[in-house]
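Only one structure is covered here, and it is reproduced in the block below.
No value in this document is a laboratory result; all are computed from the given coordinates. Predicted, not measured: the structure shown is a model, and the values here were computed from it. All Cβ positions, glycine included, derive from the backbone under ideal geometry; neighbour counts span all protein chains shown.
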Amino acid sequence: MAGVDTTLLKDLDRRGLINQATGDGELTEHLAQSRTLYCGFDPTADSLHIGSLVPLLTLKRFQAAGHKPIALVGGATGLIGDPSFKAQERNLNTPEVVAGWVDKIRAQVSRFIDFDCGENSAMVVNNLDWTKDLSVLDFLRDVGKHFSVNNMVNKESVKQRIQREGEGISFTEFSYMLLQSMDFSELYRGYDCTLQIGGSDQWGNITGGVDLTRRQHRGKVFGMTMPLVTKADGTKFGKTESGTIWLDPARTSPYAFYQFWLNTADADAYKFLRYFTFLSVDEIDEIERADAERAGKPEAQGILAREVTREIHGEEGVAAAERISRALFSGDSTELSESDLEQLRQDGLPSSVLPADFGDQSLIHVLVEAGMAPSGKPVKDALGRNAVLVNGQAVGIDRNSDPAGVFSQAHAKCGRFFIVRLGKKKYHLFTLAG
RNA sequence: GCAGGGGUUCCCGAGUGGCCAAAGGGAUCAGACUGUAAAUCUGACGCGCAAGCUUCGGUGGUUCGAAUCCACCCCCCUGCACCA
């Protein structure tokens with residue numbers, strides 16, 4: 001890796017990825033040579049979700065530009081819980097649980113950055129390593145002494161917890177900032193790490209670390225935040241009716257992941273291309289221009305879905321997702337061959353095996369059991385509106401008490417498959433037992 | 001500790017004895033329209049195919065009948081006091 005790409009910050013800026021940075025513009029100069037930077041990821045579940053994608057990809061952008069990235073997994077901070085902009089105190093997870101999550105997150109994070117590229121190879125660290133044996137008294141004397149409570153109370157990130165009615169903040173969560181600040185200081189000391197990046201909600205924690213590093217080591221370090229991802233319609237990014245979009249394929253299949261991005265609103269598509277893909281800003285501008293000229297269905301979402309899915313699930317994931325999408329949405333799902341159907345199942349289309357005997361189960365019950373809806377109400381509504389299709393045939397509410405008839409072998413595709421569509425986009429593949 | 005204000009269905013927020021499964025808004029789901037968009041319109045939105053069943057911080061009580069009244073308890077907020 002020869003040299004450093006000095007246009008990095010400019011590119012990040014063009015992508016809209018810079019929210020705030022410390023140092024009055026000195027950061028550009030600082031990054032003129034290869035530096036070490038870090039970003040933290042707290043284990044709050046056994047997988048990251050797409051909320052962590054911007055920081056993760058930004059870390060990767062820095063590495064591509066010649067800097068050395070450290071991914072910090074918060075084995076310690078995950079035990080405490082970050083209060084930043086959280087409306088309420090959270091429950092603590094047990095050390096065993098968090099330790100298990102740390103392993104998962106470490107593996108996940110590791111796939112994004114390159115550990116074998118010479119000088120600027122990546123590293124993964126765990127902040128539990130330098131906190132687990134630290135004594136309370138040492139902590140209070142060496143770290144706590146550098147923080148002003150007056151200052152901390154005024155942080156925007158905890159203000160609502162301190163001022164707002166109905167919710168308070170425990171000392172535990174209030175101390176979170178000290179732990180994270182200590183991370184930065186430690187990484188500066190141990191690895192000459194001079195930049196921390198994170199989401200905009202991390203600004204307070206990051207500046208805390210910048211200050212602590214200066215006070216403990218007289219070190220000059222920098223912080224930079226990326227914007228919170230927002231959607232043009234104001235709803236929360238990263239959620240769908242079926243919940244959070246996870247990076248773990250076991251939680252969110254590549255197909256569902258791909259569909260999530262494909263359903264991006266026009267108003268967000270180009271912004272997301274800049275945030276989440278490695279296409280150059282010029283290329284993205286060109287896509288936007290072409291879409292505007294053409295009128296009709298834009299190409300942006302398709303490109304976005306393909307690029308991001310490839311980033312997370314690889315070429316195979318994209319291929320699987322596109323196979324399913326094509327089969328279900330463009331064309332004739334009635335023409336699928338037996339091996340096509342088998343492929344859909346392997347590609348991750350939600351599927352289940354029908355019971356040999358339905359007993360007195362209703363059709364609604366069967367679909368709910370399969371996870372197509374959280375309760376019977378929406379299914380009933382859909383049945384009443386001809387919005388349930390079994391192998392392309394609309395099924396009405398009158399068939400509700402006759403699942404055996406609906407799913408009879410005579411009507412099955414290739415003798416055993418049923419593609420059930422509920423609404424416009426929810427598909428499920430049923431197979432007959434045996 | 002004292003005084004005052006609160007805890008309602010995913011969220012916000014009405015509701016102060018029956019007309020309440022509980023207004024309104026948001027989110028969400030389905031239909032029409034479309035581009036597997038957006039906007040708009042329509043319907044649904046505690047659970048149940050249904051009959052019906054279970055809810056309004058908790059527990060008891062008053063009443064033919066309670067989210068609404070009473071008692072006690074739990075939790076949150078505000079002020080004062082105590083402590084310092």
Ellipticity estimate at 222 nm from DSSP helix runs (n ≥ 4, -39,500 (n - 2.57)) divided over chain A, nearest 500: -13000 deg cm²/dmol
What's the local net charge at A:SER148, with K and R +1, D and E -1, over the other residues with C-beta under 13 Å away? +2
Taking the Cα atoms only, what angle lies between the long axis of helix A:338-347 and the longest principal axis of chain A, rounded to 10 degrees? 20 degrees
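Can you pick out the pairs among A:LYS145/A:LYS239; A:LYS132/A:LYS271; A:LYS10/A:LYS104; A:LYS104/A:LYS236; A:LYS231/A:LYS426 whose Cα atoms lie more than 32 Å from each other?
Those over the limit are A:LYS145/A:LYS239; A:LYS132/A:LYS271; A:LYS10/A:LYS104.
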Rounded to 10°, Cα long-axis angle of helix A:53-64 versus longest principal axis of chain A: 60 degrees
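Please compute the length gained on full extension between A:LYS104 and A:THR244, using 0.36 nm multiplied by the number of residues separating them and subtracting their Cα-Cα distance.
Length gained between A:LYS104 and A:THR244: 48.7 nm.
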Convex hull around the C-alpha positions of chain A: the volume in Å³ per residue is 183 Å³
I want to verify a result. In a Gaussian network model of chain A, Cα cutoff 10 Å, which of these has the top mean-square fluctuation: A:PHE112, A:PHE139, A:PHE272? A:PHE139
Please report the base-10 log of the normalised intensity I(q)/I(0) for region A:8-226, using a Debye sum with one equal scatterer per alpha carbon and no solvent, at each q in 0.11 (1/Å). -0.51
What is the packing order of peptides A:420-426, A:125-131, taking the mean over residues of other C-beta atoms within 10 Å and listing the highest first? A:125-131, A:420-426
Once Rh is set to the Kirkwood radius over Cα pairs, what Stokes-Einstein translational diffusion coefficient, in µm²/s, holds for region A:209-277 at a temperature of 10 °C and a viscosity of 1.306 mPa s? 106 µm²/s
Residue span A:LYS424 to A:ARG345: 0.36 nm per residue of separation minus Cα-Cα distance leaves a gain in nm of 26.5 nm
Over all Cα pairs of region A:344-431, the Kirkwood radius sets Rh, and Rg/Rh then becomes 0.92
Mind listing P(r) for region A:7-134? All alpha-carbon pairs, 5 Å bins, whole percents. 2, 10, 17, 20, 18, 16, 10, 5, 1
Over 17 Å, how big is the tail of the calculated P(r) for region A:273-369, in percent of all Cα pairs? 66 percent
Which one, A:ASP233, A:ASP192, A:ASP42, has the greatest fluctuation when you compute a Gaussian network model over chain A with C-alpha springs under 10 angstrom? A:ASP233
Between 0 and 90°, nearest 10: helix A:176-191 axis offset from chain A longest Cα axis: 70 degrees
Using a basic spin-label model with each label point 7 Å from the Cα along Cα→Cβ, how many nm lie between A:ARG251 and A:VAL149? 3.6 nm
In µm²/s, what is D for region A:68-155 at 4 °C and 1.567 mPa s, where D = kT/(6 pi eta Rh) by Stokes-Einstein and Rh is the Kirkwood radius from Cα pairs? 84 µm²/s
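Compute the length gained on full extension between A:GLU156 and A:ALA267: take 0.36 nm times their separation in residues and subtract their Cα-Cα distance, giving the result in nm to one decimal.
37.0 nm
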Antiparallel bridges, percent of DSSP beta bridges restricted to chain A (to nearest 5): 45 percent
Given springs between every Cα pair under 10 Å in a Gaussian network model of chain A, which of A:ALA71, A:ALA356, A:ALA319 has the largest fluctuation? A:ALA356
How high is the FRET efficiency between A:PHE115 and A:SER330 when r is their beta carbon distance and R₀ equals 41 Å, given to the nearest 0.05? 0.55
